[in-house]
Amino acid sequence: MDDYPLIENHGLLGDLQTAALVTTDGTVDWFCSPRFDSPSVFGALLDKDKGGHCTVRPLHTTHATKQLYLPDTAILVTRFMTEAGAGEVLDFMPVTGTTVTAGHRLVRMVRCVRGSMTFEIEIAPRFDYGRKAHQLHVTEHGAVFASDDGVELTVHPIREPEDGRLVDALTDQHDDLHFSLTLQAGQQRGLVLASAADGPPREISLAEYQQLFDDTVVFWRSWLGQSRYSGRWREAVERSAVTLKLMTYAPSGALVAAPTAALPEQLGGERNWDYRFTWIRDASFSVYALLGLGFTEEAQAFIGWLGDRVHERAGSDEDSGPLNVMYKVDGSSDLEEQILDHWEGYARSAPVRIGNGAATQLQLDIYGEALDSIYFAHRHGIQLGHRGWTSLLTNLDWLADHWDQAGEGLWETRGGRKNFTYGRVMSWVAFDRALRLAESNGRPAAATRWHSARDEIYEQVMAKGWSQGCQAFVQHYGSDVLDSSLLRMSTVGFITPDDPMWHSTLDAMEEKLVSDSLVYRYNPEASPDGLRGSEGTFSLCTFMYVDALARAGRPDKARLVFEKMLGYANHLGLYSEEIDLTGRQLGNFPQAFTHLALIDAAITLNATLDRR
């Protein structure tokens, strides 16, 4: 671990089409272009030697670092303090908008705020996950890194013409670029890294930089100003909202599960997945969080994206159903899973996977999540048109024929299909919300069939999903394994939060799945999932636990769990998927699911405390 930064020691940048991670020591060690799911340009996060990076740090070997976001923005400030002076790097990506573009800019401004400081700057791209060589072309106005297949990264220096004397540039045998930059208090210079630049390298004046900076500040503060949240945890909620926005692909409205791939759920283990895609489930949950905060435009964009997915395969009779589990951000579904054998993985946790083989699994719960989000959006004035409704009809016809079968389940297990209780519960939700939509809109519907399916699912879950021995609802029929996905049973209305069966289930989960307030998904030893190793507590599930406790009339316990969980955020308020026994973050980072659940838990708990 000594030669890899902790996963939580990163900040997130983005321009609403792709993203970058910056470590607390000023290194960009993850950046893909032109999209979230494109090959990496900088990938040292997954191989420190072969992945590529862009580093800005003091030449002085002994220094302290601090990192923060400029308030109410996605502009990251990394500060360095030495005995000789203090300096900082301001990192941001100018927002691109809704038009698909190959051009993306990463701005890195270096400032000296006290005394003097010499910075080392190293730019070492490794295109196509390090599989493509490059050539470096240096000019008097900047530099261009060109890969063998024509992909380019252009370096535009930020400076005034007379400031060339501040920079000493060197190249090396790898065609990487090295600078040393000495600044006095009050001086600032920097660079813009541009993928698919619209021209040769050029000098960017400080005035032009300032305009980019000001425009970026205005965008983020104007956007965040739409939030209606005024509860107890405003800072955490609004940082989560900005994080979700950074993971939204503006041209389509799709939300990626995380901007990273192959970060391990267990160091040295094989649970390393690519999360740079749009899961129907995760993105559907985003509708609750976004509308709960007042971000109608984002929710409407996703509902439109979801409607297109429902429509394009309506009537499909494939075994995996008319909806895929996940898609690329543009809606395409080619997610072939590959292993990058030439990379060692984060902290030598191989394999490094790109693509995702779970895309075509049968996960019946996604239909309930999709219908629930459509229904929730409808209640907030986002209407489903005729094409969308007719497409839903064919999806529901398929579900009526197939809900009573085994699947891979919410957690994408690779240990064979089972009759997962959560999948049944969410199938119940699908028919329940469809009936409500049809009734409220006066739409044609197979109401008798939907009623029958909904009632049959309910009776089956109560008979087979409940364990008398555990006195709890269980992961799949015929087992005594608990599963925290079922924390959503009361949230979606399958069971009332004051039902004794529900309180008994919460008690059983507290005994078996909760460790000092942190919640495991399930016990893989008790329910083998086809993978070696174990995992940490799942942060999404901890926030779901908070929501369930608050709804069940246990607000004091819910608040304590919530406050404890806030303490596991990184220094910027960001969360990955999991937390290990030492409190370190594990898995892809940051994870949208976790931040969505934080927002939902904060809204539910705040309302509960207000009512009390």
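The values are calculated or read from the model by the stated rules, or taken from the named source; none is laboratory data. Computed from a predicted structure; not experimentally measured. Backbone-built Cβ (ideal geometry, glycine too); neighbour counts: all protein chains shown. Areas reflect the complete protein model, heavy atoms only, side chains present, ligands, DNA and RNA absent. Shrake-Rupley method; radii C 1.70, N 1.55, O 1.52, S 1.80 Å.
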Could you rank the peptides 503-509, 286-292 by their average count of other C-beta atoms within 10 Å per residue, with the highest value first? 286-292, 503-509
What order do you get for 243-253, 421-431 when each peptide is scored by the mean count of other beta carbon atoms within 10 Å, highest first? 421-431, 243-253
With the charge dipole of the chain built from beta-carbon charges (+1 for Lys and Arg, -1 for Asp and Glu) about the Cα centre, the Cα from Tyr129, Val352, Val95 projecting farthest to the positive end belongs to Val95
Report, as a whole number in µm² per second, the diffusion coefficient that Stokes-Einstein gives for the stretch 252-349 at 10 °C and 1.306 mPa s using the Kirkwood radius over alpha carbon pairs. 105 µm²/s
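Work through the residues other than Cys541 whose Cβ is under 12 Å from its Cβ and net out their charges, Lys, Arg +1 and Asp, Glu -1.
Once positives and negatives cancel, what remains is -3.
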Which value, in debye to the nearest 20, describes the size of the charge dipole of the chain about its Cα centre when Lys and Arg Cβ atoms bear +1, Asp and Glu Cβ atoms bear -1, and nothing else is charged? 1500 debye
Summing Lys, Arg as +1 and Asp, Glu as -1, what charge do residues with Cβ under 13 Å from the Cβ of Cys112 carry, Cys112 excluded? +3
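Rounded if a/c is under 1.5, else prolate if a/b is larger than b/c, else oblate: which is the stretch 1-101, with a ≥ b ≥ c the root eigenvalues of its Cα gyration tensor? Could you put the intermediate results ahead of the total?
Details: a/c = 2.48, a/b = 1.38, b/c = 1.79.
Oblate is the answer for the stretch 1-101, as a/c is 1.5 or above yet b/c matches or exceeds a/b.
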Where the accessible area of the chain is counted over protein heavy atoms with a 1.4 Å probe, how much of it, in %, is carbon and sulfur? 48 percent
Averaging sequence separations of C-alpha pairs under 8 Å and six or more residues apart, then dividing by the length of the chain, give the relative contact order as a whole percent. 13 percent
Quote the accessible area belonging to His571 in square angstrom, nearest 10, computed with a 1.4 Å probe and with ligands, DNA and RNA left uncounted. 90 Å²
Translational diffusion coefficient (Stokes-Einstein; Kirkwood radius from C-alpha pairs) of the stretch 375-483 at 25 °C, 0.890 mPa s, in µm²/s: 162 µm²/s
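Quick one, what does Rg over Rh come out to for the chain if you take C-alpha atoms and the Kirkwood Rh?
0.99
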Report, in debye and to the nearest 20, how large the dipole of the stretch 388-481 comes out about its Cα centre when Lys and Arg carry +1 and Asp and Glu carry -1 on their Cβ. 120 debye
Net charge around Pro351, counting only other residues with Cβ within less than 9 Å of its Cβ (Lys, Arg = +1; Asp, Glu = -1)? -1
On each of the three principal axes of the Cα atoms of the stretch 445-510, give max minus min coordinate, whole Å, ordered largest first. 41, 24, 18
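Mind checking the dipole of the stretch 131-185: about its Cα centre, +1 per Lys or Arg Cβ, -1 per Asp or Glu Cβ, Debye to the nearest 20?
120 debye
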Using alpha carbons only, how many degrees (0 to 90, rounded to 10) separate the axis of helix 296-312 from the longest principal axis of the chain? 70 degrees
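Mind checking the per residue accessible area of the chain for me, 1.4 Å probe, whole number of Å²?
Details: 22190 Å² over 612 residues.
I get 36 Å² per residue for this part.
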Please work out whether the stretch 130-284 counts as rounded, prolate or oblate from its C-alpha gyration tensor, where a ≥ b ≥ c are the square roots of the eigenvalues and a/c under 1.5 means rounded, while otherwise a/b larger than b/c means prolate and anything else oblate? oblate
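By average Cβ neighbour count within 10 Å, what is the ranking of 125-137, 212-224 from highest down? Don't skip to the end; give the middle numbers.
On the way: 125-137: 19.7, 212-224: 15.8.
Put in order of decreasing packing, that is 125-137, 212-224.
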In nm, spacing of pseudo-spin labels at Asp507 and Asp480 (7 Å Cα→C-beta vector): 1.7 nm
Selected from Gly199, Ser467, Ala552, residue furthest toward positive end of dipole (the chain; charges at beta carbon): Ala552
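So what's the stretch 201-293 giving for Cα Rg divided by 2.2 N^0.38 Å, two decimals?
After normalising by residue count via 2.2 N^0.38 Å, the value is 1.41.
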Using alpha-carbon pairs under 8 Å, 6+ residues apart, how would you state the relative contact order of the stretch 212-355 in percent? 25 percent
Kirkwood Rh, Cα Rg: Rg to Rh for the stretch 177-219? 1.00
